[in-house]
Amino acid sequence: MKSLFLRIFLWFWVAMVVMAVVLVVTSPYFTQSRSRVERWQQGAEAWAGDRVDRTVRSISERGVDGLTVGEPRGPGRRGSMTFVFDDAGREVMGREAPAAAADLASRVAESGTEEALRRGEFHLVAKPVRAPDGRRFVVVGTLHRPPRPIDLLEPKALWPRLAVLAAMIGLLSFLLARYLSSPVGALRKATQQLSGGDLSARVGGRVVRRRDEIGDLARDFDTMAGQMESLVGSQQRLLRDVSHELRSPLARLRVALEMARDRAGAAARESIDRMEREATRIDELIGQLLLLERLAAGAPDGEKTTFALAELLGEVVDDASFEASAGGREVMVLADADASVTGYPVLLRSAIDNVLRNAIRHAPESTAVDVVLRLDPRWAEISVRDRGPGVGEEHLGSLFEPFTRVADARERSSGGAGLGLAIARRAVELHHGGVSARNHPDGGLEVVLRFPFDAPSAENRRST
(Lines give C-alpha, C1' and ligand atoms only; values in the text may rest on other atoms or scores of the structure.)
Protein backbone atom coordinates (compact mmCIF):
# COMPACT_ATOMS: atom_id res chain seq x y z
CA MET A 1 0.00 0.00 0.00
CA LYS A 2 1.52 3.32 -1.08
CA SER A 3 -1.09 5.52 0.61
CA LEU A 4 -0.03 6.74 4.05
CA PHE A 5 -3.65 7.53 4.88
CA LEU A 6 -4.78 3.98 4.05
CA ARG A 7 -1.98 2.41 6.07
CA ILE A 8 -2.69 4.54 9.13
CA PHE A 9 -6.43 3.89 8.83
CA LEU A 10 -6.13 0.11 8.48
CA TRP A 11 -3.56 -0.28 11.26
CA PHE A 12 -5.61 1.72 13.75
CA TRP A 13 -8.88 0.11 12.70
CA VAL A 14 -7.61 -3.49 12.89
CA ALA A 15 -5.78 -2.89 16.16
CA MET A 16 -8.78 -1.27 17.84
CA VAL A 17 -11.24 -3.89 16.56
CA VAL A 18 -9.04 -6.75 17.82
CA MET A 19 -8.62 -5.03 21.17
CA ALA A 20 -12.37 -4.43 21.46
CA VAL A 21 -13.21 -8.05 20.60
CA VAL A 22 -10.68 -9.36 23.13
CA LEU A 23 -12.07 -7.09 25.83
CA VAL A 24 -15.66 -8.09 25.07
CA VAL A 25 -14.95 -11.82 24.92
CA THR A 26 -12.85 -11.84 28.09
CA SER A 27 -15.26 -9.61 30.00
CA PRO A 28 -16.81 -11.07 33.19
CA TYR A 29 -20.15 -10.46 31.51
CA PHE A 30 -19.29 -13.41 29.26
CA THR A 31 -17.41 -15.56 31.76
CA GLN A 32 -18.55 -15.28 35.36
CA SER A 33 -21.93 -13.53 34.94
CA ARG A 34 -23.09 -15.93 32.27
CA SER A 35 -22.92 -19.05 34.43
CA ARG A 36 -24.30 -17.19 37.48
CA VAL A 37 -27.33 -15.88 35.59
CA GLU A 38 -28.05 -19.28 34.09
CA ARG A 39 -27.96 -20.94 37.54
CA TRP A 40 -30.30 -18.26 38.87
CA GLN A 41 -32.62 -18.77 35.94
CA GLN A 42 -32.77 -22.53 36.40
CA GLY A 43 -33.73 -22.06 40.05
CA ALA A 44 -36.37 -19.48 39.16
CA GLU A 45 -37.92 -21.75 36.53
CA ALA A 46 -38.10 -24.61 39.07
CA TRP A 47 -39.76 -22.23 41.53
CA ALA A 48 -42.38 -21.27 38.90
CA GLY A 49 -42.99 -24.97 38.15
CA ASP A 50 -43.65 -25.60 41.85
CA ARG A 51 -46.30 -22.89 41.88
CA VAL A 52 -48.01 -24.50 38.90
CA ASP A 53 -47.94 -27.88 40.67
CA ARG A 54 -49.52 -26.39 43.81
CA THR A 55 -52.26 -24.75 41.78
CA VAL A 56 -52.96 -28.01 39.94
CA ARG A 57 -53.30 -29.91 43.24
CA SER A 58 -55.61 -27.23 44.62
CA ILE A 59 -57.92 -27.40 41.59
CA SER A 60 -57.95 -31.20 41.54
CA GLU A 61 -58.92 -31.28 45.23
CA ARG A 62 -61.19 -28.23 45.68
CA GLY A 63 -61.95 -26.93 42.17
CA VAL A 64 -61.47 -23.33 41.08
CA ASP A 65 -63.76 -21.73 43.66
CA GLY A 66 -61.01 -21.51 46.25
CA LEU A 67 -58.53 -19.72 43.98
CA THR A 68 -57.76 -16.03 44.60
CA VAL A 69 -56.15 -13.36 42.43
CA GLY A 70 -52.64 -12.62 43.68
CA GLU A 71 -49.95 -10.08 42.89
CA PRO A 72 -46.95 -11.15 40.84
CA ARG A 73 -44.39 -12.91 42.97
CA GLY A 74 -41.06 -14.49 42.39
CA PRO A 75 -37.49 -13.63 41.34
CA GLY A 76 -38.19 -12.00 37.94
CA ARG A 77 -38.51 -8.28 37.18
CA ARG A 78 -42.27 -8.84 37.01
CA GLY A 79 -42.06 -12.01 39.09
CA SER A 80 -44.11 -15.07 38.18
CA MET A 81 -47.86 -15.38 37.71
CA THR A 82 -50.21 -18.34 37.46
CA PHE A 83 -53.15 -18.30 35.05
CA VAL A 84 -56.02 -20.83 34.87
CA PHE A 85 -57.84 -21.32 31.54
CA ASP A 86 -61.10 -23.23 31.04
CA ASP A 87 -62.12 -25.28 27.99
CA ALA A 88 -63.20 -22.10 26.17
CA GLY A 89 -59.79 -20.51 26.64
CA ARG A 90 -60.96 -17.93 29.18
CA GLU A 91 -58.88 -17.01 32.21
CA VAL A 92 -61.20 -18.07 35.05
CA MET A 93 -60.19 -15.24 37.39
CA GLY A 94 -60.72 -12.55 34.78
CA ARG A 95 -57.10 -11.45 34.50
CA GLU A 96 -55.44 -10.39 31.26
CA ALA A 97 -52.97 -13.10 30.34
CA PRO A 98 -50.08 -12.78 27.90
CA ALA A 99 -50.88 -13.99 24.40
CA ALA A 100 -48.12 -16.59 24.67
CA ALA A 101 -49.80 -18.04 27.79
CA ALA A 102 -53.21 -18.23 26.07
CA ASP A 103 -51.73 -19.93 22.99
CA LEU A 104 -49.88 -22.47 25.12
CA ALA A 105 -53.04 -23.20 27.19
CA SER A 106 -55.04 -23.85 24.01
CA ARG A 107 -52.40 -26.24 22.73
CA VAL A 108 -52.15 -28.15 26.03
CA ALA A 109 -55.96 -28.40 26.24
CA GLU A 110 -55.99 -30.17 22.90
CA SER A 111 -53.01 -32.45 23.56
CA GLY A 112 -53.73 -33.19 27.22
CA THR A 113 -50.00 -33.19 28.05
CA GLU A 114 -47.92 -30.65 29.90
CA GLU A 115 -45.51 -28.39 28.00
CA ALA A 116 -42.83 -25.83 28.76
CA LEU A 117 -41.34 -23.26 26.41
CA ARG A 118 -39.47 -19.98 26.20
CA ARG A 119 -41.00 -17.23 24.13
CA GLY A 120 -39.60 -13.74 24.06
CA GLU A 121 -38.99 -12.57 27.63
CA PHE A 122 -41.18 -15.28 29.21
CA HIS A 123 -40.59 -18.81 30.44
CA LEU A 124 -43.94 -20.69 30.42
CA VAL A 125 -45.03 -23.98 32.04
CA ALA A 126 -48.51 -25.41 31.31
CA LYS A 127 -50.22 -28.47 32.83
CA PRO A 128 -53.76 -29.84 32.32
CA VAL A 129 -55.94 -30.59 35.37
CA ARG A 130 -59.48 -31.95 36.01
CA ALA A 131 -61.60 -30.50 38.83
CA PRO A 132 -63.76 -32.70 41.16
CA ASP A 133 -66.87 -31.68 39.18
CA GLY A 134 -65.32 -33.05 35.96
CA ARG A 135 -64.44 -29.76 34.32
CA ARG A 136 -61.03 -29.50 32.66
CA PHE A 137 -58.65 -26.62 33.11
CA VAL A 138 -55.13 -25.69 32.06
CA VAL A 139 -52.79 -24.06 34.56
CA VAL A 140 -50.10 -21.84 33.00
CA GLY A 141 -47.25 -20.41 35.02
CA THR A 142 -45.27 -17.51 33.53
CA LEU A 143 -41.86 -16.34 34.63
CA HIS A 144 -40.38 -13.09 33.29
CA ARG A 145 -36.80 -13.87 32.38
CA PRO A 146 -34.05 -11.26 32.96
CA PRO A 147 -31.77 -10.29 30.04
CA ARG A 148 -29.22 -12.97 29.26
CA PRO A 149 -25.59 -12.38 28.40
CA ILE A 150 -24.78 -12.46 24.71
CA ASP A 151 -24.21 -16.06 23.72
CA LEU A 152 -21.01 -16.48 21.78
CA LEU A 153 -22.55 -19.47 20.10
CA GLU A 154 -25.48 -17.35 18.86
CA PRO A 155 -24.17 -15.17 15.98
CA LYS A 156 -27.52 -13.42 15.61
CA ALA A 157 -27.00 -11.84 19.01
CA LEU A 158 -23.25 -11.20 18.87
CA TRP A 159 -22.33 -10.17 15.32
CA PRO A 160 -24.70 -7.19 14.92
CA ARG A 161 -23.23 -5.63 18.05
CA LEU A 162 -19.69 -6.30 16.88
CA ALA A 163 -20.55 -4.82 13.46
CA VAL A 164 -21.77 -1.59 15.08
CA LEU A 165 -18.66 -1.52 17.26
CA ALA A 166 -16.41 -2.03 14.22
CA ALA A 167 -18.22 0.75 12.32
CA MET A 168 -17.76 3.20 15.18
CA ILE A 169 -14.09 2.27 15.51
CA GLY A 170 -13.72 2.63 11.72
CA LEU A 171 -15.15 6.17 11.85
CA LEU A 172 -12.78 7.16 14.64
CA SER A 173 -9.83 5.57 12.80
CA PHE A 174 -10.80 7.42 9.61
CA LEU A 175 -10.83 10.78 11.40
CA LEU A 176 -7.52 10.03 13.10
CA ALA A 177 -5.84 8.86 9.88
CA ARG A 178 -7.11 11.92 8.04
CA TYR A 179 -5.83 14.19 10.80
CA LEU A 180 -2.37 12.60 10.57
CA SER A 181 -2.06 12.27 6.77
CA SER A 182 -3.72 15.42 5.41
CA PRO A 183 -0.77 17.67 6.42
CA VAL A 184 1.55 15.36 4.49
CA GLY A 185 -0.60 15.89 1.39
CA ALA A 186 -0.40 19.66 1.82
CA LEU A 187 3.39 19.46 2.19
CA ARG A 188 3.64 17.26 -0.88
CA LYS A 189 1.55 19.65 -2.96
CA ALA A 190 3.67 22.63 -1.92
CA THR A 191 6.86 20.68 -2.64
CA GLN A 192 5.64 19.79 -6.14
CA GLN A 193 4.76 23.42 -6.83
CA LEU A 194 8.17 24.56 -5.63
CA SER A 195 10.01 21.94 -7.69
CA GLY A 196 7.93 22.98 -10.71
CA GLY A 197 9.27 26.52 -10.49
CA ASP A 198 6.53 28.19 -8.45
CA LEU A 199 8.67 29.90 -5.81
CA SER A 200 5.57 31.46 -4.21
CA ALA A 201 4.34 28.02 -3.10
CA ARG A 202 3.64 27.78 0.62
CA VAL A 203 2.02 25.20 2.86
CA GLY A 204 0.07 27.76 4.89
CA GLY A 205 -3.41 27.20 6.28
CA ARG A 206 -4.20 25.02 9.25
CA VAL A 207 -1.05 22.93 8.84
CA VAL A 208 1.19 25.85 9.79
CA ARG A 209 -0.98 26.58 12.84
CA ARG A 210 -0.51 23.08 14.24
CA ARG A 211 1.48 22.86 17.47
CA ASP A 212 3.30 19.61 16.77
CA GLU A 213 6.24 18.33 14.73
CA ILE A 214 4.28 18.44 11.49
CA GLY A 215 3.46 22.10 12.10
CA ASP A 216 7.16 22.78 12.76
CA LEU A 217 8.06 21.07 9.47
CA ALA A 218 5.47 23.13 7.57
CA ARG A 219 6.76 26.40 9.07
CA ASP A 220 10.36 25.44 8.24
CA PHE A 221 9.30 24.64 4.66
CA ASP A 222 7.60 28.01 4.27
CA THR A 223 10.68 29.76 5.66
CA MET A 224 12.91 27.86 3.23
CA ALA A 225 10.62 28.63 0.28
CA GLY A 226 10.56 32.32 1.23
CA GLN A 227 14.35 32.49 1.36
CA MET A 228 14.63 30.73 -2.00
CA GLU A 229 12.13 33.12 -3.56
CA SER A 230 14.03 36.09 -2.16
CA LEU A 231 17.41 34.81 -3.39
CA VAL A 232 16.17 33.94 -6.88
CA GLY A 233 14.31 37.25 -7.11
CA SER A 234 17.46 39.13 -6.15
CA GLN A 235 19.43 37.20 -8.73
CA GLN A 236 16.89 37.94 -11.45
CA ARG A 237 16.75 41.63 -10.55
CA LEU A 238 20.55 41.83 -10.60
CA LEU A 239 20.69 40.10 -13.98
CA ARG A 240 18.01 42.38 -15.39
CA ASP A 241 19.59 45.55 -14.01
CA VAL A 242 23.07 44.61 -15.20
CA SER A 243 21.75 43.74 -18.67
CA HIS A 244 19.94 47.06 -18.95
CA GLU A 245 22.95 48.99 -17.68
CA LEU A 246 25.22 47.31 -20.23
CA ARG A 247 23.03 48.33 -23.13
CA SER A 248 23.93 52.04 -22.92
CA PRO A 249 27.75 51.76 -22.85
CA LEU A 250 27.54 49.04 -25.49
CA ALA A 251 25.62 51.36 -27.81
CA ARG A 252 28.20 54.10 -27.23
CA LEU A 253 30.98 51.59 -27.95
CA ARG A 254 29.43 50.67 -31.30
CA VAL A 255 29.14 54.35 -32.24
CA ALA A 256 32.79 54.87 -31.28
CA LEU A 257 33.78 51.89 -33.42
CA GLU A 258 32.00 53.36 -36.44
CA MET A 259 33.80 56.66 -35.90
CA ALA A 260 37.12 54.88 -35.52
CA ARG A 261 36.49 52.94 -38.73
CA ASP A 262 36.11 56.19 -40.64
CA ARG A 263 39.29 57.66 -39.21
CA ALA A 264 41.51 54.59 -39.12
CA GLY A 265 43.49 53.29 -41.98
CA ALA A 266 43.11 49.97 -43.79
CA ALA A 267 45.51 48.26 -41.40
CA ALA A 268 43.24 48.88 -38.39
CA ARG A 269 39.95 47.92 -40.04
CA GLU A 270 40.41 44.20 -39.41
CA SER A 271 40.80 44.79 -35.69
CA ILE A 272 37.84 47.17 -35.67
CA ASP A 273 35.72 44.58 -37.49
CA ARG A 274 36.61 42.00 -34.86
CA MET A 275 35.72 44.40 -32.04
CA GLU A 276 32.40 45.12 -33.73
CA ARG A 277 31.64 41.40 -34.02
CA GLU A 278 32.37 40.93 -30.30
CA ALA A 279 30.17 43.93 -29.47
CA THR A 280 27.38 42.42 -31.57
CA ARG A 281 27.81 39.13 -29.74
CA ILE A 282 27.61 40.88 -26.37
CA ASP A 283 24.48 42.71 -27.54
CA GLU A 284 22.88 39.40 -28.56
CA LEU A 285 23.83 37.88 -25.21
CA ILE A 286 22.20 40.77 -23.37
CA GLY A 287 19.12 40.37 -25.54
CA GLN A 288 18.98 36.68 -24.66
CA LEU A 289 19.33 37.45 -20.97
CA LEU A 290 16.49 39.96 -21.08
CA LEU A 291 14.32 37.52 -23.06
CA LEU A 292 15.05 34.76 -20.54
CA GLU A 293 14.10 37.10 -17.68
CA ARG A 294 10.80 38.02 -19.38
CA LEU A 295 9.98 34.37 -20.01
CA ALA A 296 10.77 33.46 -16.40
CA ALA A 297 8.41 36.24 -15.28
CA GLY A 298 5.70 34.96 -17.64
CA ALA A 299 5.59 38.22 -19.60
CA PRO A 300 6.45 37.45 -23.24
CA ASP A 301 6.33 40.02 -26.01
CA GLY A 302 3.44 40.00 -28.47
CA GLU A 303 -0.04 38.52 -28.36
CA LYS A 304 -1.30 34.98 -28.71
CA THR A 305 -2.30 33.89 -32.21
CA THR A 306 -3.27 30.62 -33.88
CA PHE A 307 -0.74 29.28 -36.38
CA ALA A 308 0.12 26.11 -38.31
CA LEU A 309 2.86 24.18 -36.55
CA ALA A 310 4.25 22.42 -39.65
CA GLU A 311 4.52 25.71 -41.50
CA LEU A 312 6.40 27.31 -38.61
CA LEU A 313 8.71 24.31 -38.41
CA GLY A 314 9.40 24.49 -42.15
CA GLU A 315 10.40 28.15 -41.93
CA VAL A 316 12.83 27.44 -39.09
CA VAL A 317 14.36 24.52 -40.99
CA ASP A 318 14.77 26.59 -44.16
CA ASP A 319 16.70 29.26 -42.26
CA ALA A 320 18.88 26.72 -40.39
CA SER A 321 19.64 24.70 -43.53
CA PHE A 322 21.96 27.44 -44.83
CA GLU A 323 24.09 27.22 -41.69
CA ALA A 324 24.04 23.42 -41.88
CA SER A 325 25.07 23.26 -45.56
CA ALA A 326 28.00 25.61 -44.92
CA GLY A 327 29.44 23.01 -42.53
CA GLY A 328 28.71 20.03 -44.75
CA ARG A 329 25.65 18.95 -42.75
CA GLU A 330 22.07 18.28 -43.74
CA VAL A 331 18.70 18.77 -42.03
CA MET A 332 16.11 16.04 -42.62
CA VAL A 333 12.49 16.84 -41.68
CA LEU A 334 9.59 14.43 -41.33
CA ALA A 335 6.17 15.91 -40.52
CA ASP A 336 3.51 13.21 -40.57
CA ALA A 337 0.73 15.65 -39.75
CA ASP A 338 0.03 19.32 -39.15
CA ALA A 339 -1.77 20.95 -36.25
CA SER A 340 -3.03 24.36 -35.19
CA VAL A 341 -1.40 25.84 -32.11
CA THR A 342 -2.51 28.90 -30.14
CA GLY A 343 0.42 30.70 -28.59
CA TYR A 344 3.34 32.97 -29.33
CA PRO A 345 4.77 32.02 -32.73
CA VAL A 346 7.89 34.17 -32.31
CA LEU A 347 8.75 32.46 -29.01
CA LEU A 348 8.06 28.97 -30.33
CA ARG A 349 10.11 29.74 -33.45
CA SER A 350 12.97 30.85 -31.19
CA ALA A 351 12.70 27.68 -29.11
CA ILE A 352 12.83 25.37 -32.15
CA ASP A 353 15.58 27.45 -33.75
CA ASN A 354 17.79 27.35 -30.64
CA VAL A 355 17.45 23.58 -30.33
CA LEU A 356 18.02 23.00 -34.05
CA ARG A 357 21.06 25.28 -34.31
CA ASN A 358 22.51 23.69 -31.17
CA ALA A 359 22.20 20.29 -32.87
CA ILE A 360 23.78 21.60 -36.09
CA ARG A 361 26.77 23.04 -34.19
CA HIS A 362 27.49 19.70 -32.52
CA ALA A 363 26.77 17.42 -35.47
CA PRO A 364 29.87 15.98 -37.20
CA GLU A 365 30.52 16.97 -40.80
CA SER A 366 28.70 15.00 -43.54
CA THR A 367 25.98 13.90 -41.13
CA ALA A 368 22.29 14.74 -40.90
CA VAL A 369 20.20 16.32 -38.20
CA ASP A 370 16.77 14.68 -37.95
CA VAL A 371 13.71 16.81 -37.17
CA VAL A 372 10.45 14.90 -36.63
CA LEU A 373 6.97 16.25 -35.91
CA ARG A 374 4.53 13.78 -34.31
CA LEU A 375 0.99 14.15 -33.01
CA ASP A 376 -0.93 12.11 -30.50
CA PRO A 377 -4.53 12.79 -29.41
CA ARG A 378 -3.55 15.74 -27.21
CA TRP A 379 0.12 16.62 -27.69
CA ALA A 380 2.43 17.77 -30.45
CA GLU A 381 6.01 16.54 -30.24
CA ILE A 382 9.04 17.88 -32.11
CA SER A 383 12.24 15.87 -31.74
CA VAL A 384 15.65 17.10 -32.94
CA ARG A 385 18.50 14.60 -33.07
CA ASP A 386 22.13 15.09 -34.03
CA ARG A 387 24.78 12.40 -34.47
CA GLY A 388 27.40 13.98 -32.26
CA PRO A 389 29.08 12.60 -29.12
CA GLY A 390 26.02 13.08 -26.93
CA VAL A 391 26.03 14.22 -23.31
CA GLY A 392 26.96 12.41 -20.12
CA GLU A 393 23.92 10.99 -18.36
CA GLU A 394 24.75 12.97 -15.23
CA HIS A 395 24.46 16.23 -17.21
CA LEU A 396 21.15 15.63 -18.96
CA GLY A 397 19.10 17.00 -16.06
CA SER A 398 20.91 20.36 -16.05
CA LEU A 399 21.18 20.78 -19.82
CA PHE A 400 18.35 23.34 -19.92
CA GLU A 401 19.64 25.53 -17.09
CA PRO A 402 21.07 28.96 -17.99
CA PHE A 403 24.82 29.11 -18.73
CA THR A 404 25.12 25.32 -18.65
CA ARG A 405 28.05 24.03 -20.69
CA VAL A 406 29.17 20.41 -20.83
CA ALA A 407 32.79 20.83 -21.87
CA ASP A 408 33.72 17.15 -21.91
CA ALA A 409 31.00 16.15 -24.36
CA ARG A 410 30.15 19.31 -26.31
CA GLU A 411 33.08 21.35 -27.63
CA ARG A 412 33.38 24.82 -26.10
CA SER A 413 34.71 26.05 -29.42
CA SER A 414 31.25 25.57 -30.90
CA GLY A 415 30.22 28.94 -29.50
CA GLY A 416 27.18 30.03 -27.56
CA ALA A 417 26.75 31.16 -23.98
CA GLY A 418 24.59 28.31 -22.77
CA LEU A 419 21.32 30.26 -22.96
CA GLY A 420 19.70 28.80 -26.07
CA LEU A 421 18.32 25.64 -24.50
CA ALA A 422 17.25 27.54 -21.37
CA ILE A 423 15.25 29.96 -23.53
CA ALA A 424 13.76 27.02 -25.43
CA ARG A 425 12.59 25.42 -22.18
CA ARG A 426 11.02 28.62 -20.88
CA ALA A 427 9.27 29.23 -24.20
CA VAL A 428 7.81 25.72 -24.34
CA GLU A 429 6.74 25.85 -20.69
CA LEU A 430 4.93 29.10 -21.46
CA HIS A 431 2.90 27.02 -23.94
CA HIS A 432 2.06 24.54 -21.12
CA GLY A 433 4.53 21.99 -22.43
CA GLY A 434 7.94 20.64 -21.53
CA VAL A 435 11.33 19.70 -22.95
CA SER A 436 13.54 16.68 -22.37
CA ALA A 437 16.84 15.33 -23.62
CA ARG A 438 18.29 11.86 -23.94
CA ASN A 439 21.19 10.11 -25.60
CA HIS A 440 19.83 8.28 -28.63
CA PRO A 441 20.54 4.53 -28.71
CA ASP A 442 22.16 4.91 -32.14
CA GLY A 443 24.31 7.84 -31.02
CA GLY A 444 23.88 11.56 -30.66
CA LEU A 445 21.69 13.77 -28.51
CA GLU A 446 17.92 13.91 -29.00
CA VAL A 447 15.95 16.89 -27.65
CA VAL A 448 12.15 16.65 -27.54
CA LEU A 449 9.78 19.62 -27.33
CA ARG A 450 6.26 18.63 -26.28
CA PHE A 451 3.23 20.92 -25.96
CA PRO A 452 -0.54 20.75 -26.46
CA PHE A 453 -2.21 21.72 -29.75
CA ASP A 454 -5.70 22.90 -30.68
CA ALA A 455 -6.71 20.64 -33.58
CA PRO A 456 -5.02 18.50 -36.24
CA SER A 457 -4.91 19.74 -39.83
CA ALA A 458 -4.61 17.87 -43.11
CA GLU A 459 -1.77 15.38 -43.14
CA ASN A 460 1.32 16.21 -45.13
CA ARG A 461 4.87 15.01 -45.45
CA ARG A 462 7.90 17.13 -46.05
CA SER A 463 11.54 16.15 -46.51
CA THR A 464 14.51 18.43 -46.87
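The values are calculated or read from the model by the stated rules, or taken from the named source; none is laboratory data. Because the structure is predicted, anything quoted here is derived from the model rather than measured. Here Cβ is always computed from backbone atoms with ideal geometry, including for glycine, and neighbour counts include all displayed protein chains. Areas reflect the complete protein model, heavy atoms only, side chains present, ligands, DNA and RNA absent. Shrake-Rupley method; radii C 1.70, N 1.55, O 1.52, S 1.80 Å.
Can you tell me which of (1) surrounded by 13 or more Cβ atoms within 10 Å (Cβ to Cβ); (2) at pLDDT 75 or above; (3) β-branched (V, I, T); (4) out of contact with any Lys or Arg (no Cβ under 9 Å at 6 or more places or on another chain) is the one V18 doesn't meet?
It fails just one condition, (1).
Would you say V232 is within 30 Å of G197 (Cα to Cα), part of a helix (DSSP H, G or I) and of a type in the set (V, I, T)?
Details: within 30 Å of G197 (Cα to Cα): yes; part of a helix (DSSP H, G or I): yes; of a type in the set (V, I, T): yes.
Yes: the conditions hold for V232.
Given the conditions (1) under 16 Å from L449 (Cβ atoms); (2) surrounded by fewer than 16 Cβ atoms within 10 Å (Cβ to Cβ), report the number of the one that A268 does not fulfil.
(1)
Quick one: in region 206-246, of everything that is closer than 18 Å to L292 by Cα and hydroxyl-bearing (S, T, Y), which residue is least open to solvent (accessible area, probe 1.4 Å)? Let's see the steps before the verdict.
Filtering region 206-246 for residues closer than 18 Å to L292 by Cα gives 229, 231-246.
With the extra rule that they be hydroxyl-bearing (S, T, Y), the set shrinks to 234, 243.
Numbers: S234: 52, S243: 4 Å².
It comes out as S243.
Which condition does T113 not pass, out of (1) within 14 Å of R51 (Cα to Cα); (2) of a type in the set (S, T, Y); (3) at pLDDT 70 or above, if it passes all the others?
In the conditions (1) within 14 Å of R51 (Cα to Cα); (2) of a type in the set (S, T, Y); (3) at pLDDT 70 or above, T113 misses (1) alone.
Tell me which of these D353 doesn't satisfy, since it passes every other one: (1) within 23 Å of R426 (Cβ to Cβ); (2) open to solvent by less than 40 Å² (accessible area, probe 1.4 Å); (3) in contact (Cβ under 8 Å) with a residue 40 or more places away in the chain.
Here D353 meets the rest and fails (3).
Quick check on my filter: what residues within region 319-341 are under 27 Å from L290 (Cα atoms) and either without any contact (Cβ under 8 Å) to a residue 24 or more places away in the chain or loosely packed, with under 14 Cβ neighbours inside 10 Å (or both)? Walk me through how you get there before you give the answer.
Of the residues in region 319-341, the ones under 27 Å from L290 (Cα atoms) are 319-320, 323, 341.
Passing the criteria: only D319.
Identify the residue in region 190-205 that is part of a helix (DSSP H, G or I) and without any contact (Cβ under 8 Å) to a residue 12 or more places away in the chain and, among all such residues, is surrounded by the fewest Cβ atoms within 10 Å (Cβ to Cβ). Let's see the steps before the verdict.
Kept after step one, since they are part of a helix (DSSP H, G or I), are these residues of region 190-205: 190-195, 205.
Subset that is without any contact (Cβ under 8 Å) to a residue 12 or more places away in the chain: 192-193, 195.
Values: Q192: 11, Q193: 15, S195: 9.
My answer is S195.
M93 versus (1) of a type outside the set (D, E, K, R); (2) assigned to a loop (DSSP other than H, G, I, E, B); (3) in contact with a strand residue (DSSP E or B) (Cβ under 9 Å, 6 or more places away or on another chain); (4) modelled with pLDDT under 80: which is the lone unmet condition?
Single failed check for M93: (4).
What do you reckon, is E278 open to solvent by 50 Å² or more (accessible area, probe 1.4 Å) and under 45 Å from the mean Cα position of the chain (by Cα)?
Taking the combined requirement at face value, the residue does not satisfy it.
Among (1) open to solvent by 10 Å² or more (accessible area, probe 1.4 Å); (2) at negative phi, where does L373 come up short?
Condition (1) is where L373 drops out.
When you go through (1) part of a strand (DSSP E or B); (2) at pLDDT 90 or above one by one for V317, which number turns out not to apply?
(1)
Test L162 against the criterion of being among the aliphatic types (A, V, I, L, M), at pLDDT 70 or above and part of a helix (DSSP H, G or I), and give yes or no.
Yes; evaluated as a whole, the condition is true for this residue.
Please find, among A218, A177, the residue that is in a helix (DSSP H, G or I), within 28 Å of V14 (Cα to Cα) and not β-branched (V, I, T). Break it down into steps so the answer makes sense when it comes.
Values: A218 fails: within 28 Å of V14 (Cα to Cα).
Only one candidate passes the filter, namely A177.
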